[in-house]
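Asker: Below are the structure tokens for one structure; questions will follow.
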Amino acid sequence: TQSVSEIARVKNLNRLSIGRHEVDAWYFSPYPQEFAHLPVLYICEFCLAYFPSQFMLTRHRKRCTLLSPPGNEIYRHEDLSFFEIDGKKQLSYCRNLSLLSKCFLDHKTLYYDVTPFMYYVMCQRDSTGCHLIAYFSKEKESAENYNVACILTLPQHQRHGYGRLVIEFSYLLSQREGKLGSPEKPLSDLGLLGYRAYWAEKIVETVLAAGEEISVDEIAQATSITHADVMNTCTTLQLFKHYKGQHIICLSDAVLERYEKSKAKRRRRIFKEYLNWRPPSFTRDQLRFGW
Ligand code: ACO
Ligand code: ZN
């Protein structure tokens, strides 16, 4: 596979129309040449197919029967749902999703081969369908124990707490797998901000819930956040204190105050009771040959 960042190209798209929204593209994305440099690229919000005009999109919508992503709904709570989509089974949807997300991801290598990945798509449901808000991709088998390859909240939905929900969901899947996980490196600036905020909140929450001394390992087990990410976050937040020749984790007033503030702001969370999912298992041949 050849990655886009290796080719290093300039931005080729202007605006994107998706459902009720129109947004600016941020970065180059390898849409076919004839779809680049249009004033607006029209995207079917359900199958993510793309069209050069509103007219062609409208014509497509008459034939396109999708009202939700083409996968299994594995989580539903209030108006939010998560769908699990196998890159091998839904090639065109997953390629279209990759093309769309590349518009907002610069540092990432975008793999044209979607078969080694599962896609977890978060939608908001209403009477007109399940509308794509955010998603992440995940390698079917990651040697590095990455639990997220790429993560994105569509720009029109950013800074509403959805990214945090998607991150929380990714760790819930790791929890079900009985694994610790970490996002694929390098993280973008926005990715780092989102993860740092999540790790800090989750670690403080876990320390508070323990009510007594808790080790880095116990935090990792309770949250599925890797030891390295727990250690780094604790170091950044200056939570380690020397006590009788030992390092112990201690929450400062400033950290507690920040935690209370961010918790008060948070409107939603993920409830594990609503996850209807077992880790998919793949044979070695399925992984190698994409069967
Ligand atoms: N400036 C400062 N802090 C931010 C910003 C920002 N622009 N965006 C997120 N944060 C931090 C804040 O602490 C925020 O909490 P707050 O709003 O209560 O202050 C916290 O992250 C969570 O914010 P959310 O609203 O839950 O996150 P959002 O839905 O905006 O999604 C994401 C975050 C996915 C990183 C989004 O910015 C995005 O899609 N960016 C473009 C694609 C990208 O860079 N993805 C990550 C690549 S790395 C990887 O894929 C492994
Ligand atoms: Zn469609």
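Asker: Restricting the search to the stretch 112-138, which residues are surrounded by fewer than 19 Cβ atoms within 10 Å (Cβ to Cβ) and away from ligand 2 (no atom under 16 Å from the Cβ)? Break it down stepwise before answering.
Answerer: Within the stretch 112-138, the first condition is being surrounded by fewer than 19 Cβ atoms within 10 Å (Cβ to Cβ), and the residues that meet it are 112-113, 115, 124-129.
Residues satisfying the conditions are Y112, D113, T115, Q124, R125, D126, S127.
Asker: State which residue pairs qualify: first residue without any contact (Cβ under 8 Å) to a residue 24 or more places away in the chain and of a type outside the set (D, E, K, R) and inside the stretch 246-259, second residue surrounded by 15 or more Cβ atoms within 10 Å (Cβ to Cβ) and in a helix (DSSP H, G or I) in any location, beta carbons under 9 Å apart, and separation of 6 or more residues or different chains.
Answerer: Once the first residue is without any contact (Cβ under 8 Å) to a residue 24 or more places away in the chain and of a type outside the set (D, E, K, R) and sits in the stretch 246-259, its partners that are surrounded by 15 or more Cβ atoms within 10 Å (Cβ to Cβ) and in a helix (DSSP H, G or I) give H247/V216; C250/V207.
Asker: Further question: Given the conditions (1) touching a His at 6+ places or on another chain (Cβ under 6 Å); (2) under 30 Å from E73 (Cα atoms); (3) not hydroxyl-bearing (S, T, Y), report the number of the one that F240 does not fulfil.
Answerer: (2)
Asker: Still on this structure, please answer the following. Please determine, by comparing only the residues of the stretch 139-149 that are within 16 Å of Y198 (Cβ to Cβ) and not polar (S, T, N, Q), which one is nearest to ligand 2 (Cβ to nearest atom).
Answerer: Among residues in the stretch 139-149 that are within 16 Å of Y198 (Cβ to Cβ) and not polar (S, T, N, Q), the one nearest to ligand 2 (Cβ to nearest atom) is V148.
Asker: Looking only at the stretch 114-136, how many residues end up being touching a helix residue (DSSP H, G or I) at 6+ places or on another chain (Cβ under 8 Å) and closer than 21 Å to G194 by Cβ?
Answerer: Number satisfying all stated conditions: 9.
Values in this text are rule-based calculations from the coordinates and carry no lab data. Bear in mind that the values here come from a model prediction, so they are computed numbers and not experimental data. Methodologically, a virtual Cβ is constructed for each residue, glycine included, from the backbone with ideal geometry; neighbour enumeration extends over all protein chains shown.
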